Amino acid sequence: MTIASAALLLFLILDPLGNIPIFLSLLRSLPPKRQRIVLARELLIALAVLMMFLWGGKYALELMHLRQESVSIAGGIVLFLIGIRMIFPRPEGLMGELPDGEPFIVPMAIPLVAGPSGMAAVMLMGSDDPTRLGDWSIALLIAWGATAAILFSATLLYKLLGGRALSAIERLMGMLLVAISVQMFLDGLGTYLQIAAP
């Protein structure tokens, strides 16, 4: 996997376009200056969490006695469920009901940006090829930077594209995510069957 393909995968998982309506509704009650401060804080927390999972994922897997194939299969299942929810959205949104007030860590940083699928993906990257942690970090920074740029221009994008266009883009991204999740699942299953075969 190249840095560009890893960055694209992580960008699809972070789903900034799908998060625009949720972020706008969460920040609506705050003054514009405070909105930018809260958004920057939440994005930085999400980046720190994802970096922690990227660099510490291999050791966490060893500590829990989990094999890479199980993480690949589990990551594929989680990505599949997220992708299905993106294609067929629920009225309450991707992550269910959201609490009132100024968000702190939950739900903006976790799970909307740094969700279980993102954590599983970076953990898998880090444990699958630990010699390329620098490459995966660059890919994560690219994906996170693109996500931050989109979310900071959320109000403008919502006005330009409208709800329908954003919904269509999110569903397209969901379809891509489903295809990637199936590939992750099959890769994990294939590796497991090779190891299990006598």
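The values are calculated or read from the model by the stated rules, or taken from the named source; none is laboratory data. Note that this is a predicted model, so its numbers are computed, not measured. A quick note on method: Cβ atoms are made from the backbone with ideal geometry, for glycine too, and the neighbour counts reach across all protein chains shown. Heads up: the accessible areas ignore ligands, DNA and RNA and are worked out on the full protein's heavy atoms, side chains in. Shrake-Rupley method; radii C 1.70, N 1.55, O 1.52, S 1.80 Å.
Quick notes on this one:
- Apportionment of accessible area to carbon and sulfur, the range 40-198, percent (1.4 Å): 70
- Cα-based helix-to-principal-axis angle, 16-27 vs the chain, degrees rounded to 10: 50
- The listed residues THR147, THR131, THR191, once ranked by accessible area (1.4 Å probe) with the largest placed first, stand as THR131, THR191, THR147.
- Of the residues LEU156, LEU141, LEU26, the one that moves most in a GNM of the chain with alpha-carbon contacts below 10 Å is LEU156.
- Between the range 1-75 and the range 155-198, the alpha-carbon center distance in angstrom: 15
- Under 12 Å, Cβ to Cβ, from MET184 - net charge with Lys/Arg +1 and Asp/Glu -1: -3
- Heavy atoms of the protein chains alone define the surface here; on that basis the chain has 52 Å² accessible area per residue at 1.4 Å probe size.
- For the chain, built as a Gaussian network whose Cα springs stay under 10 Å, the top-fluctuating residue of VAL78, VAL38, VAL122: VAL38
- Computed helical MRE - 222 nm, the chain, DSSP H runs ≥ 4 contributing -39500 (n - 2.57), nearest 500: -26500 deg cm²/dmol
- Gaussian network model of the chain, Cα within-10 Å springs - most flexible of LEU66, LEU166, LEU24: LEU66
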